[in-house]
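The values are calculated or read from the model by the stated rules, or taken from the named source; none is laboratory data. Quick caveat: nothing in here was measured; it's all calculated off a predicted structure. Note that we place each Cβ from the backbone using ideal geometry, even for glycine, and neighbour counts take in every protein chain shown. Note: areas computed on protein heavy atoms with side chains; ligands, DNA, RNA excluded. Shrake-Rupley method; radii C 1.70, N 1.55, O 1.52, S 1.80 Å.
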Amino acid sequence: KRSIICNNSLEFTVGITAEDILFNLEYLKCVEKISFYDKPAEAILKRENSVTNSYRINFEKNLIFIYEACVAFLLEIGKSENDVIVKASSMLCRSVIVHIVDTMSAKNKSMRYSEKVQEVKKVLRSDAIVSAFNSPMKSPYVTRQIHKIFFRSMYLLIRCKMYRTTCVTAYFTSKMVR
């Protein structure tokens, strides 16, 4: 409802990617009840030059910021700390895997392949990301079994510190995804 947005002065956070997640968390704090639709209803439109469809330098900082905001929100609404860590870590792992595919993509012409590998290794050495990949994983919400297999495989490669294999897999995956 528009009135909830206006009455609570809700605005999108400027300067970060995925600001809609933060907006939605703030919105959810202001409502008394929500309803769920138990069927997949996501429609994604990806434009060639979209900020969400391209490599972004230091994007892992955005991912960690969103992760911390989700953890704080879930704890604030009374979820158990253990449940929060598992769910938020799974979300962070999924986001990092998508970022790795974007980084390794042939469309990312800002770096040579070896530089992309070094960038991925740098991201995967971040304390928050290491911690997330060391947490138990809940399968990310995806509608196709092949996506579940892909995310689980990437999760295991990263958890086993097989970073070069992770990069090669991400590179070829980016070539298959249109």
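The table below gives the values:
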read-out: Candidates 108, 82, filtered to the one that is more than 30 Å from residue 30 (Cβ to Cβ) and modelled with pLDDT under 90; value: 108
read-out: Near pairs, Cβ below 8 angstrom, 6+ apart or cross-chain, from region 162-178 (closer than 10 Å to residue 101 by Cα) to any residue that is open to solvent by 60 Å² or more (accessible area, probe 1.4 Å) and assigned to a loop (DSSP other than H, G, I, E, B); value: 174/107
read-out: Options 168, 177, 123, 130; residue that is in contact with a His (Cβ under 8 Å, 6 or more places away or on another chain) and either modelled with pLDDT of 80 or more or over 18 Å from residue 88 (Cβ atoms) (or both); value: 123
